[in-house]
Structure formats: C-alpha cells, structure tokens
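The values are calculated or read from the model by the stated rules, or taken from the named source; none is laboratory data. If you're wondering where the values come from, they're calculated on a predicted model, not measured in any experiment. We place every Cβ from the backbone using ideal geometry, glycine too, and count neighbours over all the protein chains shown. Surface accessibility is based on the protein's heavy atoms, side chains included, excluding ligands, DNA and RNA. Shrake-Rupley method; radii C 1.70, N 1.55, O 1.52, S 1.80 Å.
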Amino acid sequence: MTQDSQEQMKQYSSNEEEKTIDFRMLFYRVLRQWYIVVLCVLIGIGAALFYLRKAPRLYQGSTTVLVQDKQNKLMDAQKLMGLDIGQSSTTVENEQQILQSMHMSEEAVKRIDWQVSYYLSGRIRTNTIYAVRPFSIIVDTLQPQVAGAFFKIEFKDDNTFILKSDKNEGKLYDYRVNDYYLRQGNYVEVANTIYEKEHHFGDTIHTANFSFVIVRGNALPSTFDKGDLSFRLNDLQSFSEKLNKGLVIEPASKTSSVLKITSQYYQPEILKDFLNAITTVYIESGLDNKNSVAIKTIEFIDSELELITEELSNAESDLETYRKENKILSLDEEAVAIFEQMRNIDEQKAALMLNNKYYIYLRDYVAKERDLESIVIPSSMGIEDAVTASLIEELARLYNERSALVKSAGEKNPAVQKINAQIKQTRESILENTKNIIQLNNLSISEMEKRSGSINARVSLLPTNQRNLLGFERQFNLYNELYVFLLERRAEAKITAATNMSDNSVIDVCSKVVQIKPKTSMVLMIAFVLSLMIALGIIFLPGWLKNTFEYPREIEEMSPYPSAGNIMHNDVANEIVFSSAPHSIVAESFRNLRTNINMMAKNKKGFSIIVSSDLPSAGKTFVSINLGHAFAVSGKKTLLIGADMRKSRLSEVTTLSQSPGLSEYLTGYVSLEEVLRPCPEIQNMFILTSGKIPFNPAELLESAEMSFLLEQVKQQFDVIVIDSPPMIAVTDARVLLQQTDALALVVRLRNTRKNILRDLLRDLKTKNVRNTVLIINDVPIQKRAGYGYGYVSSYGQGYIDDETKHKA
C-alpha cells in the first residue's frame with residue numbers, strides 16, 4: 001500500500017469517526033410512523049393505569065417524641081466522692097434502639113385491634129378494612145386457635161351469613177398468653193378441614209381448632225357489596241413483625257434530642273393507631289421505670305411493717321401487763337430524767353444501726369450483681385445520702401437501657417457492651433461508697449455505747465419496780481418510733497409514685513398518613529418513557545439489525561465518495577422510463593443525475609463512465625440504459641456498452657438481439673461497425689450488446705482490443721456508458737477502471753448489504769480509485785417531505801400528475 005493510500009485510508013477512518021447522528025432524519029423517520037408511537041404510548045399508559053388500580057397502597061406516617069437530656073448524675077456523684085472514673089448519660093442512640101425493639105412494637109400492637117384482619121377483595125385488588133366494617137370477630141381467648149386461619153363470609157340477609165374456610169394448616173395459638181400453644185412442651189400443629197355452614201350473628205362458632213363469635217359491625221353489609229369479605233386470625237408476633245419491619249427511628253436533626261418515628265404499612269388506620277400506641281407505650285414505659293423504685297420501696301416497707309407491728313403489739317402488751325400486776329402507772333421523776341437521757345441515746349443509736357443495716361443490705365445486694373428490680377433507695381428509708389441515691393438511680397437507668405437493648409439487639413451488640421462497662425463502674429462506685437459509710441457508722445455506734453454505759457450505772461440505783469418499768473417503756477417506745485417512721489416513709493413513697501412524670505414527652509401525634517406507593521405521577525412518567533422507548537425500538541431496531549440500507553443518508557454517511565443522485569422507485573413495467581413515462585419523477589431523477597455527471601465530465605469529448613454495483617440485483621442495467629437515454633435526449637451522441645458478458649440484460653430491456661456483440665468483436669469475429677447498433681427506442685443513442693457468453697470475459701476486457709475499442713468510440717461519441725458486471729462477484733469491472741474516466745456505483749435501498757458495500761468502498765479508496773460517485777437506486781417516492789428520501793415539491797408534483805394523466 002502506498003503512502004498516499006495510507007493517508008487516504010486514515011482520512012476515511014477519521015471521517016467515519018467524526019460522523020454524528022442526524023436528529024432531523026431520526027425525527028422524520030419517527031414522524032412517518034407516528035401511529036406506532038401513539039399506539040405504544042396508549043398501551044403503556046393503559047397498563048400503568050391498570051397497575052395503579054391493582055397495586056397495593058403503601059402508606060407512611062410519623063410522630064415525634066422529645067428525649068430529655070439528663071445531667072450526668074453519675075459523674076456528679078463520683079466528683080463528690082473524689083472519684084472520676086468516667087461518665088454515662090442517656091443517649092439518643094439508646095432510645096432509638098428501645099423504640100425499634102420488637103418488645104416495644106408488641107406492646108404497642110396490644111393497644112390496637114390486632115387479633116383479626118379484615119379484607120375486602122374486589123375484581124382487581126384486595127384491601128384491608130379496619131375501623132369501618134360490616135362485622136366484627138370476638139375471639140374466644142380461652143380456646144387455642146389456628147394462627148393464620150383464613151375465612152370467607154357471605155351475607156344472606158341482615159341476620160344470616162355463610163362462613164367458609166378452606167383447609168388451613170398452622171400452629172395453635174393461645175390468646176391468653178399471646179404465644180403459641182404448648183402441649184407437653186411442644187407446639188401443636190393442626191389442619192382445619194374444609195368448613196362451610198350457615199350462622200346467625202351472635203352465634204358462637206366452635207370447632208376443635210377455632211372458636212369465636214361474629215357480631216354486627218358499624219357499617220351495613222350493603223356498603224361492601226362490590227367485593228368479597230374475608231378475615232384472618234393473627235398471632236401477635238407475626239402481626240407485630242410486619243409493623244416493626246417498616247419502623248424507622250431517627251433524630252429530627254443532628255443536634256437535637258427529638259426523635260422522629262416513621263413507619264409504613266398497607267392500611268392507613270392501623271398505621272396511625274400503631275404509631276400513636278408506640279409513643280404512648282414508650283412514655284408509659286419510661287414512667288414505669290421511674291416509679292419502679294418507689295413501688296419496690298413500698299413493698300419493702302410493707303414487709304418490715306408486718307414484723308414491727310407484731311413486735312410493737314407484744315411490747316405494748318408486756319408494758320400493760322407489768323403495770324397492772326405491779327400497780328404502777330408511771331415512772332417517778334428520777335426515772336423519767338434517766339429515761340429521757342437514754343431515749344435520746346437510743347434514738348441516735350437506732351438511727352445509726354438502721355443506716356448500717358441498710359448499707360450492709362445495699363452492699364450485699366450490689367455485690368451479688370443482681371438487677372435493681374427490688375432495691376430500696378436511701379431516701380425511702382429517711383437516709384439523706386445524695387451520693388448513694390444518685391449512684392443507685394444511675395445504675396437503675398443503665399439496667400433499664402440494657403434490658404431494652406438486649407431485647408432488640410442482643411447481648412453482643414456494641415451498645416450493650418458499652419452499657420455493661422458503665423454498669424460495672426457504677427457498681428464499684430456504690431461498693432466503695434457503702435464501705436466508707438459503714439465504717440463511719442460503726443465508729444458513731446461505739447461512741448453511743450460509751451455514753452449509754454455511764455447512764456446504765458444510774459439505772460442500777462433505781463428501785464426494782466422503776467428499773468423494770470423503765471425497760472418496758474424503752475422497748476415499747478423504740479418499736480413505736482420505728483413503726484411511725486416506716487409509716488411516714490411509706491406515705492412519702494406513695495406520694496412520689498403518684499406525682500412522678502416521664503422524662504420524655506410526645507411532641508406531635510400521628511394525625512394523618514400519606515400514600516407513598518404507588519406514586520401516580522412517577523408510574524405514569526415511567527410508563528410513558530418506557531412505551532416511548534419501545535416505540536422507538538420498534539421503529540429503529542429492525543433497521544439497525546438489518547444489513548441493508550433504509551435511507552439514502554445512511555449510504556452517504558458511510559461512503560467516502562459523493563452521491564451523484566437518487567433514482568426514485570419505478571413501478572412501470574417498461575424499464576426505459578423516458579419512453580414509458582418521460583414526465584415522471586423517476587425520469588426527472590435521471591435528468592438530475594445527468595446534470596451532476598455533466599459537471600464531473602466538464603464537457604469532455606468521449607467521456608466514459610462505468611456503471612457497476614457490489615452484487616447483482618442492484619439495478620445497474622436499469623440505471624445504465626436510462627442514464628444513456630438521459631444523455632441522448634439532451635442532444636449528446638451516446639453509446640451504451642454491455643460489458644457484463646456473463647449475465648447481460650440489455651437484450652431483455654431493448655429489442656436488440658444479444659449477438660453479435662462485445663464478445664464477438666473482442667475475439668475478432670466481427671468488425672466495430674457490425675456491433676455498433678442504434679437503439680430503436682431512443683434517438684441519438686447506440687448500443688453495443690454483450691454478445692455470447694465467452695469463457696474468459698475478464699481477459700477479453702483487459703485485452704488490447706478492448707483498449708482499442710474504447711479509443712475508437714471516444715472519438716465517435718460524446719458519452720460512453722459502460723454497463724459492467726458487479727465488482728464483488730467478478731473482477732471484470734476492475735480491469736476497466738484505468739481505461740475510463742469515472743466509476744458510478746449503484747446502491748439499491750433495502751437490497752445492498754452494508755458490510756459488503758463498506759468493504760468495497762474501503763478497497764476502492766485504498767486503491768485510490770478517483771472520480772467515483774454513488775447512484776442511490778430505488779428511493780421511495782413520498783408525497784410528504786421526508787428528510788433522507790426523495791421528496792416531491794409542488795413543482796415536481798406536476799410530473800407525477802402528468803404521468804397519471806398520461807396513463808389514463
């Protein structure tokens with residue numbers, strides 16, 4: 001390959017890469033087949049509307065709660081003790097886990113109507129009905145039911161209905177404990193038989209596997225006559241799981257402690273009730289946790305009061321008995337003075353001993369790593385110890401958070417592990433604090449005992465009856481004061497429990513829900529786009545998949561050579577269009593082709609042009625004879641040479657015989673004058689037919705006789721049109737390229753193969769074949785202008801009208 005050829009090939013490749021999409025051509029192609037677009041869009045929109053009617057509706061609602069930011073009480077207590085071992089606070093993340101837990105969802109579901117789901121099935125979609133329904137089911141909670149059992153109900157009249165049930169398999173569910181029924185430690189799986197029976201409202205419907213009463217609802221049956229009514233028995237766990245699945249807890253903003261609770265479900269009323277129930281349960285749970293200490297304190301005091309009441313009663317009885325038996329009503333003055341002194345010491349000692357008893361109890365309780373469900377706080381016992389109270393409160397809060405997190409996230413969750421570390425630190429702080437307090441109390445008790453010893457010496461000097469009475473008075477007074485003290489503590493604990501308020505609060509309740517799926521506008525938009533894409537695919541895909549050309553522009557974009565003209569589609573049987581329809585648009589297209597080739601010829605005498613194609617059936621003979629005719633009617637002496645000696649059609653199109661012709665002349669059997677015959681149908685035009693089929697056509701065309709022939713006819717004729725064989729099938733046409741002035745390749749729409757033409761054009765360009773043009777044949781005639789096809793203008797329309805009149 002020469003350097004010139006390489007550069008031309010590079011330029012050809014570069015031109016191919018730089019070609020852009022002709023949107024105008026695409027637009028006109030779509031415009032021609034607008035009905036496909038309209039049909040696809042109508043079908044797509046119809047399918048979208050059907051989907052919108054059939055698809056289940058998904059709703060979304062939300063509510064918000066405020067989580068109070070508590071001060072870090074543990075940190076404050078540790079600072080008071082001189083310790084600083086870390087900090088703990090109620091975090092928004094932990095509250096998210098609590099609200100997200102299945103336990104919280106189950107408690108919320110218990111607040112709504114969950115035991116039975118009611119359905120209305122139409123021709124297209126099944127809807128869940130909730131608040132407004134024509135009947136209600138009262139489940140017999142004393143009998144286990146088949147969880148998931150499905151029933152259909154048909155109303156016969158206002159008081160009678162038919163209940164139907166297909167075979168249902170499932171586990172028995174115990175509604176008393178909201179869990180699956182156990183028999184000998186195993187779940188009981190049963191199968192309902194087919195059931196169909198007539199009943200009245202209010203009847204108890206009882207079988208081995210289900211038992212319930214159907215009563216009238218708050219809506220008339222006629223309201224739901226456009227669908228089938230049915231219901232299903234639910235279990236708490238599955239129903240809660242469905243609602244929990246769509247639950248999302250997230251902060252309202254990055255810096256706030258307000259949590260937004262969002263959930264999704266297919267029934268709007270159930271969703272709204274569930275969201276409001278879960279916030280109620282959450283607030284109540286926080287309040288219950290806060291009241292748990294007061295409740296446990298009351299229980300502890302009640303148990304102590306039982307013992308002290310008995311002891312107080314015994315002490316009172318002993319005192320009264322001694323007074324009656326010894327006929328002594330009161331202490332004398334000296335004994336009263338000693339009693340008052342001992343009473344003061346006893347009160348202080350009793351308080352210290354009570355404190356010690358409490359702190360020993362607290363130390364042992366915390367050391368055993370028990371939870372704080374039954375612990376008693378110091379203030380409930382009248383002990384003013386801010387540090388210990390703060391530590392216990394913090395420990396209780398940590399236990400509550402841990403309990404909620406474990407239910408939802410498990411023991412190995414990082415948040416649970418973090419709380420475990422905080423619990424350990426708080427326990428150590430409580431143990432260290434109680435140890436110090438017990439030591440201080442023991443020192444104070446020892447001091448009280450020393451003071452009591454000096455007073456006991458004075459008591460020994462009193463008379464026996466006064467000394468004994470003093471002992472009974474001291475014992476009664478001690479139990480009485482303890483009894484009064486515990487009653488006061490009990491009253492305070494009750495007041496605390498009654499006046500406690502939750503640390504958290506609801507900001508916004510869920511008052512409405514919105515439909516989020518399906519989104520009508522989005523579905524319609526997607527349907528429109530998809531249907532439009534399908535329509536475009538129907539229009540363009542066949543053309544892209546075809547290996548033939550549909551539009552002249554496709555050929556022009558592929559070819560490195562210009563197009564000399566488009567030949568319109570010919571419906572006339574006579575292929576010589578200037579004879580059969582001289583005023584037709586087809587004849588006009590040949591005139592246009594003649595004009596363009598004249599510009600290439602530049603009025604050269606004996607201008608010769610080869611008309612060829614890639615493969616047969618492109619219409620090269622049709623183009624050759626009519627192109628020659630176009631030159632002839634313009635006054636130029638024209639010669640048409642049938643160089644396709646293998647399969648010539650010139651004799652079929654004209655009335656001339658095939659022989660003698662070119663093959664006989666090149667083999668020396670006849671002279672040039674004998675083979676140059678005028679065309680009887682066309683004035684000023686001569687035809688040299690192909691002759692008989694030789695055994696060596698390529699060699700004959702490459703012979704000196706052929707060169708001599710061309711030199712002779714160039715002197716005699718103005719234009720020589722050579723109808724040559726296809727260039728891909730044989731090499732005959734290629735041998736003439738050096739002896740002629742131009743090459744015209746006929747490309748036929750819907751016939752010429754793209755890959756074959758591409759290879760041929762690349763080969764011609766590589767071999768530097770110059771003065772090459774394309775003739776695009778069989779272009780459809782469109783009365784409406786269409787870019788890429790030949791179009792009929794108001795002027796050109798006259799030719800068609802004339803042709804029509806001529807035929808008539």
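Within region 727-747, can you find the residues that are assigned to a loop (DSSP other than H, G, I, E, B) and over 14 Å from LEU761 (Cβ atoms)? Give the steps one after another, and end with the answer.
Step one: of region 727-747, the residues assigned to a loop (DSSP other than H, G, I, E, B) are 727-733, 740-741.
Scanning region 727-747 gives ALA729, VAL730, THR731, ASP732, ALA733, THR740, ASP741.
Just checking, does region 308-320 include any residue being modelled with pLDDT under 90, within 19 Å of LYS494 (Cα to Cα) and not assigned by the TED database to the domain that holds LEU66? Give the steps one after another, and end with the answer.
Initially, region 308-320 is screened for residues modelled with pLDDT under 90, giving 308-320.
Next, only the ones that are within 19 Å of LYS494 (Cα to Cα) stay: none.
No, there is no match, as no residue in region 308-320 is modelled with pLDDT under 90, within 19 Å of LYS494 (Cα to Cα) and not assigned by the TED database to the domain that holds LEU66.
Looking at TYR35, TYR28, just one residue is assigned to a helix (DSSP H, G or I), farther than 24 Å from ILE526 by Cβ and modelled with pLDDT of 75 or more, and that residue is TYR28. Given the residues GLU241, GLU196, GLU250, which is the only one that is free of Cβ contacts under 8 Å to residues at least 60 places away in the same chain and open to solvent by 60 Å² or more (accessible area, probe 1.4 Å)? The unique qualifying residue is GLU196. Scan region 569-592 and give yes if some residue there is open to solvent by less than 50 Å² (accessible area, probe 1.4 Å), closer than 19 Å to LEU743 by Cα and modelled with pLDDT of 90 or more, otherwise no. Yes, because at least one residue in region 569-592 is open to solvent by less than 50 Å² (accessible area, probe 1.4 Å), closer than 19 Å to LEU743 by Cα and modelled with pLDDT of 90 or more. If you check LEU259, LEU305 for being in contact (Cβ under 8 Å) with a residue 60 or more places away in the chain and part of a helix (DSSP H, G or I), only one passes: LEU305.
Restricting attention to region 727-750, and to residues there that are open to solvent by 10 Å² or more (accessible area, probe 1.4 Å) and at pLDDT 90 or above, which single residue is farthest from SER648 (Cα to Cα)? Among those residues, the one meeting the criterion is ASP741. When the criteria are applied in full, ALA601 meets the requirement of being of a type in the set (A, V, I, L, M), at negative phi, surrounded by fewer than 22 Cβ atoms within 10 Å (Cβ to Cβ) and touching a residue at least 60 places away in the same chain (Cβ under 8 Å). Taken over region 683-707, residues that are surrounded by fewer than 22 Cβ atoms within 10 Å (Cβ to Cβ), in a loop (DSSP other than H, G, I, E, B) and of a type outside the set (S, T, N, Q) amount to 5.
If GLY44 satisfies every condition in (1) modelled with pLDDT under 80; (2) part of a helix (DSSP H, G or I) but one, which is the exception? In the conditions (1) modelled with pLDDT under 80; (2) part of a helix (DSSP H, G or I), GLY44 misses (1) alone.
Take ASN178 and decide whether it is out of contact with any Ser or Thr (no Cβ under 8 Å at 6 or more places or on another chain) and farther than 24 Å from LYS272 by Cβ. Here the answer is no, as ASN178 does not meet what is asked.
Does any residue of region 84-99 turn out to be more than 25 Å from VAL406 (Cβ to Cβ), outside the structural domain of GLU269 (by the TED database), open to solvent by less than 70 Å² (accessible area, probe 1.4 Å) and modelled with pLDDT under 90?
Step one: of region 84-99, the residues more than 25 Å from VAL406 (Cβ to Cβ) are 84.
Next cut, outside the structural domain of GLU269 (by the TED database) only: 84.
Subset that is open to solvent by less than 70 Å² (accessible area, probe 1.4 Å): none.
No, region 84-99 contains no residue that is more than 25 Å from VAL406 (Cβ to Cβ), outside the structural domain of GLU269 (by the TED database), open to solvent by less than 70 Å² (accessible area, probe 1.4 Å) and modelled with pLDDT under 90.
Go through region 657-675 and give me each residue that's among the hydrophobic types (A, V, I, L, M, F, W, C) and crowded, with 19+ Cβ neighbours inside 10 Å. Step through it out loud before you land on a result.
Just the residues of region 657-675 that are among the hydrophobic types (A, V, I, L, M, F, W, C), to begin with: 662, 666, 670, 672, 675.
Hits for region 657-675 are LEU662, LEU666, VAL675.
Listed by position, the strands (runs of 3 or more DSSP E) contained in region 501-604 that have at least 1 residues being out of contact with any helix residue (DSSP H, G or I) (no Cβ under 7 Å at 6 or more places or on another chain) and of a type outside the set (A, V, I, L, M, F, W, C) are 505-508, 514-517. Scanning region 393-447 for residues that are of a type in the set (Ser, Thr, Tyr), within 18 Å of TYR359 (Cβ to Cβ), open to solvent by 20 Å² or more (accessible area, probe 1.4 Å) and in contact with a Leu (Cβ under 6 Å, 6 or more places away or on another chain) yields a total of 1.
Inside region 253-280, residues that are among the hydroxyl-bearing types (Ser, Thr, Tyr) and open to solvent by less than 20 Å² (accessible area, probe 1.4 Å) make up a count of 4.
Which residue, of GLU269, GLU299, is more than 19 Å from THR64 (Cβ to Cβ) and either not assigned by the TED database to the domain that holds ALA493 or not in a helix (DSSP H, G or I) (or both)? Reasoning before the result, please.
Numbers: GLU299 fails: either not assigned by the TED database to the domain that holds ALA493 or not in a helix (DSSP H, G or I) (or both).
Exactly one residue qualifies, and that residue is GLU269.
Cβ separations smaller than 6 Å between residues 6+ apart or across chains give the following pairs from region 93-117 residues that are acidic (Asp, Glu) to residues that are in a loop (DSSP other than H, G, I, E, B) and modelled with pLDDT under 95: GLU95/VAL67.
Would you mind stating whether PHE239 is modelled with pLDDT of 90 or more and touching a helix residue (DSSP H, G or I) at 6+ places or on another chain (Cβ under 8 Å)?
On the way: modelled with pLDDT of 90 or more: yes; touching a helix residue (DSSP H, G or I) at 6+ places or on another chain (Cβ under 8 Å): yes.
Here the answer is yes, as PHE239 does meet what is asked.
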